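Comments concern the structure below.
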Ligand code: HEM
């Protein structure tokens with residue numbers, strides 16, 4: 001088993017987008033969301049004596065998201081954050097591996113249901129919270145990511161934040177926290193209130209929208225094109241997005257596949273492309289001394305890394321392979337292309353997004369602490385979150 005990776009400490013550079021910070025009056029937010037702090041827990045309401053809570057009145061949108069980012073990073077770095085899995089991967093509690101990659105997969109699976117022709121699916125609605133989408137085979141394991149994000153939603157819902165935005169933002173924050181490119185984030189996704197048919201609510205989608213690693217009965221390359229062309233991507237964007245498989249693991253109790261793609265599954269880099277091109281890949285027949293009974297997958301000579309058939313298709317198909325080589329040789333190009341494709345992926349089908357929210361990075365630290373203290377002083381949400389998780393504050 002690979003040595004424990006420390007979470008990548010390459011913190012994102014502060015990156016200012018052209019957007020001017022929007023002030024969100026709390027009262028307006030509460031009115032829009034139909035919530036008061038009293039409505040979210042044990043009947044607590046802000047009073048004039050609670051001076052700290054007053055700091056929430058004029059919270060600027062970039063500060064709000066900086067506070068959320070802070071909590072997400074806390075979860076990703078917390079050895080006790082729950083991510084169970086029977087493969088015993090190094091990482092957070094339970095052997096399921098690290099949290100950051102799982103957040104990336106969650107954001108992608110929320111977004112990757114989009115169909116440009118039917119004009120439904122995508123990240124708007126936070127629809128994976130509901131059956132049947134939560135039970136779709138492709139989403140196995142993501143209940144652990146959603147459970148970890150629920151206290152974050154509970155803590156910030158007073159400000160009108162939605163599950164749908166948090167699911168996507170957790171993916172962005174994870175990529176940036178693991179040393180990846182700066183990513184644009186625009187809030188404004190809505191939350192569906194309950195399950196619905198795609199024909200009645202375009203935020204929903206039928207099963208089968210996400211890719212199958214075996215190629216679903218056609219060649220893996222053709223299947224990948226079917227899936228990603230449907231979302232409006234071209235070959236170059238498909239290869240760029242696939243570079244996210246430099247992160248995380250396959251789990252035998254989730255997808256049935258086993259193993260990490262790279263030696264550094266918590267560092268966002270072009271290692272996936274280097275690995276694809278430089279290692280020698282062959283079909284896996286054995287696992288821990290016994291015959292491999294899982295689905296067809298590939299392994300390197302050291303037998304500690306894996307590739308899915310759909311990953312291998314990127315080297316088998318010359319039109320894909322030229323981009324594998326491009327990204328292997330130039331990480332900057334990969335980062336730039338990934339960043340653009342990720343924004344497209346996560347915004348596909350979203351109708352009411354605001355301006356890009358600047359990532360204030362460490363500059364916001366003091367303000368973030370003030371916001372956390374104010375929320376805590378304001379009471380109810382904080383109390384219920386604390387009771388639930390114990391480690392959250
Ligand atoms: C052909 C397309 C794709 C296929 C067939 C595919 C398939 C898979 C499979 C089978 C797993 C293992 C799940 C598990 O057992 O836990 C996985 C994990 C993962 N996928 Fe993909 N994927 C694809 C595209 C993408 C894209 C576009 C992204 C992001 C941009 C992505 C990000 C991830 C991440 C980060 C993990 C690791 C999750 C963890 O460690 O918990 N994948 N993928």
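Residues that are away from the ligand (no atom under 13 Å from the Cβ), part of a strand (DSSP E or B) and crowded, with 17+ Cβ neighbours inside 10 Å do occur in region 299-306. If you go through region 113-126 and keep only what is crowded, with 20+ Cβ neighbours inside 10 Å, assigned to a loop (DSSP other than H, G, I, E, B) and on the phi > 0 side of the Ramachandran plot, you end up with 121, 122, 126.
Whether any residue in region 256-269 is part of a helix (DSSP H, G or I), modelled with pLDDT of 95 or more and within 9 Å of the ligand (Cβ to nearest atom) is what I want to check. No, the conditions are met nowhere in region 256-269. Residues of region 91-112 that are more than 8 Å from the ligand (Cβ to nearest atom) and either out of contact with any helix residue (DSSP H, G or I) (no Cβ under 6 Å at 6 or more places or on another chain) or in a loop (DSSP other than H, G, I, E, B) (or both): 91, 93, 94, 95. Within region 194-213, residues that are farther than 12 Å from residue 121 by Cα have Cβ atoms under 7 Å from residues that are part of a loop (DSSP other than H, G, I, E, B) and away from the ligand (no atom under 16 Å from the Cβ) in these pairs: 194/130; 195/130; 195/131, counting only partners at least 6 apart in sequence or on another chain. Only one of the listed residues (186, 216, 203) is at pLDDT below 95 and either within 30 Å of residue 75 (Cα to Cα) or not in a helix (DSSP H, G or I) (or both). That residue is 216. Of everything in region 127-149 that is in contact with a helix residue (DSSP H, G or I) (Cβ under 8 Å, 6 or more places away or on another chain) and closer than 18 Å to residue 174 by Cα, the residue that is surrounded by the fewest Cβ atoms within 10 Å (Cβ to Cβ) is 143. A single member of 280, 322 is over 25 Å from residue 182 (Cβ atoms), at pLDDT 95 or above and either touching a strand residue (DSSP E or B) at 6+ places or on another chain (Cβ under 6 Å) or assigned to a loop (DSSP other than H, G, I, E, B) (or both), and it is 280.
The values are calculated or read from the model by the stated rules, or taken from the named source; none is laboratory data. Predicted model only: the values in this text are computed from it and were never measured. Neighbour counts run over all protein chains shown; Cβ positions are idealised from the backbone, glycine included.
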